[in-house]
Amino acid sequence: MAYIEFSGVEKRYGNFQAVSRFDLTVEKGEMIALLGPSGCGKTTTLRMLAGFVPVSAGTMRVDGRDITREPPYRRNMGMVFQGYALFPHMTVARNIAFGLEMRGVPASEITARVIEALDRVRLHDFAERLPRQLSGGQQQRVALARAMAINPDVLLLDEPLSALDARLRHEVRAEIRQLQRATGLTTLIVTHDQDEALSMADRLVVMSKGCIEQIGSPADLYERPCNRFVADFMGRSNFLGGKLDGDGRFLTDHGVALNFDGAIPNDASTLSFRPERTRLVAPDALGASATDGSTNTLAGTIVSFAYLGPVIECQVQVDDGPTVMALLTNTVDPARLGMHEGSRIGVQWSRRDTTLLA
Ligand SMILES: Nc1ncnc2c1ncn2[C@@H]1O[C@H](COP(=O)(O)OP(=O)(O)OP(=O)(O)O)[C@@H](O)[C@H]1O
Ligand SMILES: [Mg+2]
């Protein structure tokens, strides 16, 4: 049986539908990321589960128990709110103790629980500091310790890393993941950062305008996005408009037949392929590869190269068609291969790496 179950959960503010028919089941110990653009309903969904926002319709169950109308303090969920919110006038230790007192934990136990919580995030030496005497990453870890100190059944993290710089984000997200694995705590984390979601979660829920677009493992969403929104949101993709043209063939709007594998969605009008799955081939290979059903090749002209450190991004203007992007690993030196801006080139990728989208 699923540990957390949302069935048909909705939230309306007046006429505005913030969350529509939200259905999701979460297994015990799972880490789920809610992902989507600003305003798509991520925070609202988390706050409905926590009990801070009443639902307009639907039910939520935890461990088989209907919690839809229970007050927040009866739900036993630890929450880290968007933008860390420690009480500024309380020491780190008092911040953590406060939540325990609110829940009626006996005073004799509180000290030990505070120490345990601070040990967990490796901040035992900071107990007597005020929040403003901590770095952003340390404050974020205190907020996490505070949420976990109550021994919650469910941990809810709303953009817990948003205030951190890129380097610290990487560190703290690895720590959160380790803690979550070690404690087996069922966790919902909200983020709008797709790298964060891919690297942390067992499954992702991609949302748009209050609706779930797709639920799946990181690989599912990245390799098999169900529509253009998800493909575009999860990393970068090339998209070509067109229509089906017989078995496993797609005719682009600019008149090139391409091969694809896999499912054909209803109303398939877009073909996509990832820039990192392409290679650039010499123009003299174009004629030969075009007849080979296992690959696709588009002929064009190199518009630009951008050196991005680990990869080189290459924009290619397809003959009579759109511009597409190819990513080269920086073990390739385009100039040494005679590739320059303005060079004739072929962009080639495998039929297996070609997806049709609705
Ligand atoms: N109290 C409220 N009254 C009216 N509308 C609200 C209220 N709270 C949220 N909304 C609206 O509901 C929508 C979803 O908001 P929510 O905070 O869930 O978005 P989000 O996905 O968390 O976005 P972000 O990534 O910016 O945090 C937004 O359009 C927001 O303006
Ligand atoms: Mg939010």
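The values are calculated or read from the model by the stated rules, or taken from the named source; none is laboratory data. Given the structure is predicted, the values throughout are model-derived calculations rather than measurements. Cβ placement follows ideal geometry from the backbone for every residue including glycine, while neighbour counts extend to all protein chains displayed. Just so you know, the surface numbers come from the protein's heavy atoms only, side chains and all, with ligands and any DNA or RNA stripped out. Shrake-Rupley method; radii C 1.70, N 1.55, O 1.52, S 1.80 Å.
Quick notes on this structure:
- Of residues in the stretch 3-14 being open to solvent by 50 Å² or more (accessible area, probe 1.4 Å) and assigned to a strand (DSSP E or B), the one farthest from ligand 2 (Cβ to nearest atom): 5
- Looking across the stretch 242-264, the residues that are closer than 20 Å to residue 326 by Cα and open to solvent by less than 30 Å² (accessible area, probe 1.4 Å) come down to 252, 258, 259, 260.
- Considering the conditions (1) within 16 Å of ligand 1 (Cβ to nearest atom); (2) closer than 26 Å to residue 6 by Cα; (3) surrounded by fewer than 18 Cβ atoms within 10 Å (Cβ to Cβ), residue 66 is excluded by exactly one of them, (1).
- When we screen 164, 157, 179 for residues that are under 18 Å from the mean Cα position of the chain (by Cα) and within 25 Å of residue 215 (Cβ to Cβ), the only hit is 157.
- In the stretch 349-358, of all residues being closer than 23 Å to residue 303 by Cβ and surrounded by 20 or more Cβ atoms within 10 Å (Cβ to Cβ), the one that is nearest to the chain's Cα centre (by Cα) corresponds to 354.
- Failed condition for residue 215, given (1) aliphatic (A, V, I, L, M); (2) open to solvent by less than 30 Å² (accessible area, probe 1.4 Å); (3) more than 16 Å from ligand 2 (Cβ to nearest atom); (4) within 17 Å of residue 26 (Cα to Cα): (2)
- Qualifying residue in the stretch 249-270 (condition: touching an Asp or Glu at 6+ places or on another chain (Cβ under 8 Å) and either in a strand (DSSP E or B) or within 30 Å of residue 11 (Cα to Cα) (or both)): yes
- Close pairs from the stretch 8-30: first under 17 Å from residue 42 (Cβ atoms), partner at pLDDT below 95 and among the small types (Gly, Ala, Ser), Cβ under 8 Å, at least 6 apart: 26/2
- Of residues in the stretch 15-48 being more than 8 Å from ligand 1 (Cβ to nearest atom) and over 21 Å from residue 186 (Cα atoms), the one least open to solvent (accessible area, probe 1.4 Å): 20
- Within the set 92, 9, the sole residue that is touching a Phe, Trp or Tyr at 6+ places or on another chain (Cβ under 9 Å), of a type outside the set (D, E, K, R) and over 22 Å from residue 205 (Cα atoms) turns out to be 92.
- Failed condition for residue 73, given (1) touching a helix residue (DSSP H, G or I) at 6+ places or on another chain (Cβ under 8 Å); (2) within 29 Å of residue 169 (Cα to Cα); (3) surrounded by fewer than 18 Cβ atoms within 10 Å (Cβ to Cβ): (2)
- The residues listed here are 233, 229; of these, the one that is under 12 Å from the mean Cα position of the chain (by Cα), over 29 Å from residue 337 (Cβ atoms) and open to solvent by 30 Å² or more (accessible area, probe 1.4 Å) is 233.
- Any hit, the stretch 172-187, residues being at pLDDT below 90, crowded, with 20+ Cβ neighbours inside 10 Å and not aliphatic (A, V, I, L, M): yes
- Lone qualifier among 134, 161, 157 - being within 16 Å of ligand 2 (Cβ to nearest atom) and at pLDDT 90 or above: 157
- Matching residues, the stretch 142-167, being over 23 Å from residue 128 (Cα atoms) and either within 16 Å of ligand 1 (Cβ to nearest atom) or part of a helix (DSSP H, G or I) (or both): 156, 157, 158, 159, 161, 162, 166, 167
Yes/no matrix, rows are residues, columns are (1) within 16 Å of ligand 2 (Cβ to nearest atom); (2) under 20 Å from residue 141 (Cα atoms); (3) small (Gly, Ala, Ser); (4) not in a strand (DSSP E or B):
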| residue | (1), (2), (3), (4) |
| --- | --- |
| 1 | no, no, no, yes |
| 48 | yes, no, no, yes |
| 60 | no, no, no, no |
| 73 | no, no, no, yes |
| 79 | yes, yes, no, no |
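- Test for residue 120: is it within 30 Å of residue 221 (Cβ to Cβ) and surrounded by 18 or more Cβ atoms within 10 Å (Cβ to Cβ): no
- Some residue of the stretch 335-348 being open to solvent by less than 20 Å² (accessible area, probe 1.4 Å) and in contact with a His (Cβ under 8 Å, 6 or more places away or on another chain): no
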